[in-house]
């Protein structure tokens, strides 16, 4: 039974899909005016993981993640770069897709753009005006918040308290300072579309309602996004959607926590952000993905070199174990007896723990997608398998094959859902490394490592030590492993 924490109700609830065996899921995408930062990466990785887990549980998932490609920030960037807003949007959509591919985040099933759904937005706005939930003023259209009694139910805010604390620009055309724009009259030089209220463009909030309605339904299962979107964006989505349709908009609202820098939310407006590509220039993408999943998705996560290095150390431990498994199983066939005939000679508690890993993983993930606990289970088993590997010489070979081949399958099973732990160890030790902090080209390092391997084969320890010292001065440490030497930055 999958339980999800629903922001709307403030508690964990059993997940029951609208259509048995299907999940319709929407996550708010980015506004495409700049390169995406690590906060955007967290949301993308989290909801990629949610989709993967539902697929693991045999649901058919329709996942929609939008792009906001018309916005004041896009228009301003277009002016700065002397380009069209469409050119700016396309540039940063392409950059986002490149970043996601590197992070192992698959494309959504549907990736709609706001500018492709103007007719649907106009239809909803027209309906809201006709029902008395919206009003037009000088080419703008505003949602009448007072007409929706449940306003504030997602963010748990009281209407009068919000009015008392509202900090808004003076706009006497609004009937209420909380009323928000559904349609904006165009200014000279801005993108514009024809509408019943004159040329203009949509407000931000109406976009997701229109795209959710079109591609999923007027009620769908899951809506996701960062906690910063709870108010006003998602609150406004609920108000305009339910006022228009008369139906509940979304059954489960999921919100991921912030990425913090010195306990302060990472964001472009605060100027304390790192772009995804900045980070991936220094750290392998699997390190970043593991870092983002090692904390429960609803909790804040603190960005630091130390935390990323911890993630890398965890991956080192995993791939060292995987290398040991591969080395033992290489060239060995299947055991001569069936596993059940070997149980007495197998480390039975370890074998049972291995067989139970997928089930224990599912139990952790069923509890509101608790990746922190699930990854802890994996590392716990890695420690046990490494201990077993150190003792294999004293065990019956067929029994060892059973244990290690079962471990390999179990790790692949859970890793495929996380999008982690799936590489060949050789690839990891060659490429899964901190980069940018070594004083020597990679090709030259590889040549020195090759020379050192040759020296060690000749038992020329003085030459091997000399090369090690050269690499050490360049910020490179070498590790002698079965099958040859690997290197990593200090």
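No value in this document is a laboratory result; all are computed from the given coordinates. What you see is a predicted model, and the numbers here were worked out from it, not measured in a lab. We place every Cβ from the backbone using ideal geometry, glycine too, and count neighbours over all the protein chains shown.
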Shape descriptor, region 291-424: equivalent ellipsoid semi-axes (Cα gyration tensor, sqrt 5λ, whole Å, largest first) stand at 30, 16, 11
Between the Cα axis of helix 348-366 and the main Cα principal axis of the chain, the angle (0 to 90°, nearest 10) is 10
Expressed in angstrom and rounded, the centroid-to-centroid distance over alpha carbons for region 358-435 and region 214-245 is 38
Fraction of alpha-carbon pairs in the chain farther than 30 Å apart, rounded to whole percent, equals 56
Computed over region 188-268, the convex hull of the Cα set has an average projected area, in nm², of 7.5
Expressed in angstrom, Rg and Dmax over the Cα atoms of region 123-281 are 17.3, 53
So the angle from the long Cα axis of helix 397-418 to the longest Cα principal axis of the chain, reported in degrees to the nearest 10, equals 20
Computed on Cα atoms, Rg of region 3-281 relative to 2.2 N^0.38 Å comes out at 1.00
Relative contact order in percent for the chain (Cα pairs under 8 Å, 6+ apart) equals 16
Using alpha-carbon positions, the gyration tensor of region 437-489 gives root eigenvalues a ≥ b ≥ c; with a/c under 1.5 called rounded, otherwise prolate if a/b exceeds b/c, else oblate, the class is prolate
CD proxy, 222 nm, the chain: helix-only mean residue ellipticity via -39,500 (n - 2.57) per DSSP H run with n ≥ 4, per residue, nearest 500, stands at -15000 deg cm²/dmol
Mean separation of Cα contacts under 8 Å (at least 6 apart) over the residue count of region 306-429, i.e. the relative contact order in percent, is 43
Residues 428, 193 in order from fewest to most other beta-carbon atoms within 10 Å are 193, 428
Whole-number value, in Å³ per residue, for the convex hull of the alpha carbons of region 1-110 is 119
Rounded to the nearest 10, the angle in degrees between the Cα long axis of helix 442-457 and the longest principal axis of the Cα atoms of the chain comes to 20
Cα convex hull volume per residue for region 103-209, in Å³, equals 170
